[in-house]
Amino acid sequence: MREIMESVLTNRAALAAEVNKVAEVAGYLWQKGWAERNGGNITINITEHIDDEMRSLPAISEAKPIGIILPHLKGTYFYCKGTNKRMRDLARDPMRNGSIIRILDDCASYVIIADEPVMPTSELPAHLSVHNWFIETGKPYKASVHTHPIELVAMTHCKEFLKKDVLTNLLWSMIPETKAFCPRGLGIIPYKLPGSNALADATISELSDYDVVMWEKHGVFAVDTDVMAAFDQIDVLNKSALIYIAAKSMGFSPDGMSQEQMREMSVAFHLPK
Ligand code: 13P
Ligand code: ZN
């Protein structure tokens with residue numbers, strides 16, 4: 001049996017609730033088959049839950065470069081999945097499969113402060129660039145989720161589906177809820193090296209128009225006010241992908257909802273597009 005470890009989450013109910021939501025979502029990602037091995041990563045901005053005692057906690061790692069300068073992140077705090085850590089392990093034990101980092105005053109490096117020196121995800125440049133952009137643009141978003149949803153990724157192996165908004169319109173038309181609950185659609189980012197600054201930059205520019213973007217032949221990156229809401233957006237999109245594939249495997253191309261039915265949805269649900 002594992003000994004009970006000291007954790008910064010002890011007696012910090014609001015912070016613990018946010019981290020436990022990450023663990024809950026990590027469990028869903030594993031159950032769905034979207035998180036093979038260490039696949040996928042999650043970060044959340046937890047700065048609002050950091051008290052004076054946590055602010056004065058010493059670093060438990062040396063300062064590590066982020067690789068980019070992110071001026072709006074000075075003094076902010078994030079919970080990050082650890083690199084090479086498994087979602088299925090994070091679901092059971094978030095503080096041993098992820099860690100809390102503080103962004104230093106140079107806005108270009110960070111230190112780990114709790115609970116253990118678990119190195120953050122290799123996709124940190126993309127995650128932190130996105131959080132920097134949320135603050136810069138005054139968005140209330142706090143969570144970013146990257147995962148490998150099987151059917152959505154499979155669809156990116158077809159050139160036609162990589163054209164702007166082809167997948168958005170197809171997926172929206174499979175079931176009314178998809179447009180209602182992923183109202184900005186699915187942006188497409190042509191293949192780029194995982195963990196690269198080029199992928200981070202492309203992600204930022206596509207997020208001006210979408211809350212969920214597809215990294216071609218790799219996975220999706222979704223943002224929202226909290227981790228559960230970001231997960232829900234991916235889940236409704238992948239549900240539509242499954243309906244499309246189910247129809248195709250029954251031997252026909254699905255009709256999809258008509259443009260008129262989609263317009264009616266947009267009016268009824270006050271949707272932006
Ligand atoms: P990490 O284990 O570094 O988070 O990487 C997983 C992944 O999906 C990279 O794109
Ligand atoms: Zn990935």
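The values are calculated or read from the model by the stated rules, or taken from the named source; none is laboratory data. This structure is a prediction, so every number in the text was calculated from the model and none was measured. With ideal geometry, Cβ positions are generated from the backbone for all residues, glycine too; neighbour counts draw on all protein chains shown. Side chains are part of the model used for accessible areas, which takes the heavy atoms of the whole protein and leaves out ligands, DNA and RNA. Shrake-Rupley method; radii C 1.70, N 1.55, O 1.52, S 1.80 Å.
Enter the per residue convex hull volume of region 144-195, computed from alpha-carbon coordinates, in Å³ rounded to the nearest integer.
Working: hull volume 5.2 nm³, N = 52.
Each residue corresponds to 100 Å³ of Cα convex hull volume.
Per residue, what accessible area does the chain have, given a 1.4 Å probe and all protein chains present, in Å²? Spell out each step's value before the answer.
Working: 12390 Å² over 273 residues.
Per residue, the chain has an accessible area of 45 Å².
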Range of Cα positions in region 49-135 per principal axis (Å), largest first: 34, 29, 23
Any of LYS142/LYS164; LYS32/LYS159; LYS21/LYS81 with alpha carbons more than 21 Å apart? Name them for me. LYS142/LYS164; LYS32/LYS159
For region 50-200, which whole-number percentage of the solvent-accessible area (1.4 Å probe, protein heavy atoms only) is attributable to carbon and sulfur atoms? 56
Could you give the C-alpha radius of gyration of region 172-234 expressed as a fraction of 2.2 N^0.38 Å, taking N as the number of residues it contains? 1.13
Which of the three applies to the chain, rounded, prolate or oblate, going by the alpha-carbon gyration tensor with a ≥ b ≥ c and a/c under 1.5 meaning rounded? prolate
For a test of the definition: using alpha carbon positions, the gyration tensor, and the 1.5 limit on a/c, classify region 196-273 as rounded, prolate or oblate. oblate
Mind telling me which of GLN233, GLN31, GLN259 comes out most flexible in a GNM of the chain, alpha-carbon contacts under 10 Å? GLN259
Hey, what D do you get for region 44-84 in µm²/s if you plug the Kirkwood alpha-carbon radius into Stokes-Einstein at 4 °C and 1.567 mPa s? 107
Tensor-based shape of region 134-273 (alpha-carbon gyration tensor, a/c under 1.5 rounded, otherwise prolate or oblate): oblate
Along region 233-246, Karplus-curve 3J(HN,Hα) (6.51, -1.76, 1.60; θ = phi - 60°) to the nearest Hz, with x for Gly and Pro, reads 5, 5, 4, 5, 5, 5, 4, 4, 4, 5, 5, 4, 5, 4
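For region 10-65, state the semi-axes of the equivalent ellipsoid (square roots of 5 times the eigenvalues of the alpha-carbon gyration tensor), sorted largest first and rounded to whole angstrom.
Details: eigenvalues 142, 56, 14 Å².
Output for region 10-65: semi-axes of 27, 17, 8 Å.
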Could the peptides 193-205, 139-151 be put in order, highest first, of the mean number of other beta-carbon atoms found within 10 Å of their residues? 139-151, 193-205
Between PHE181 and GLU264, with labels modelled 7 Å along Cα→Cβ, what's the label distance in nm to one decimal, could you check? 2.1
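Regarding region 51-210, what is the average projected area of its C-alpha convex hull, in nm²? Provide the component values of the computation, followed by the final result.
Numbers: hull surface 43.0 nm².
Orientation-averaged projected area of the Cα hull: 10.7 nm².
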Cα to Cα, under 17 Å, and not fewer than 8 places away if on the same chain: which aspartates and glutamates meet these conditions relative to LYS163? GLU206, ASP209, GLU216
Proximal aspartates and glutamates relative to LYS217, as straight alpha-carbon distance under 14 Å, when same-chain residues fewer than 8 apart are discounted: GLU151, GLU160
Fluctuation leader among SER56, SER240, SER129 - the chain, Gaussian network, Cα springs under 10 angstrom: SER56
Of LEU207, LEU90, LEU57, which is the most mobile in a GNM of the chain whose springs link Cα atoms less than 10 angstrom apart? LEU57
For region 207-273 and region 1-66, write down the distance between their C-alpha centroids in whole Å. 28
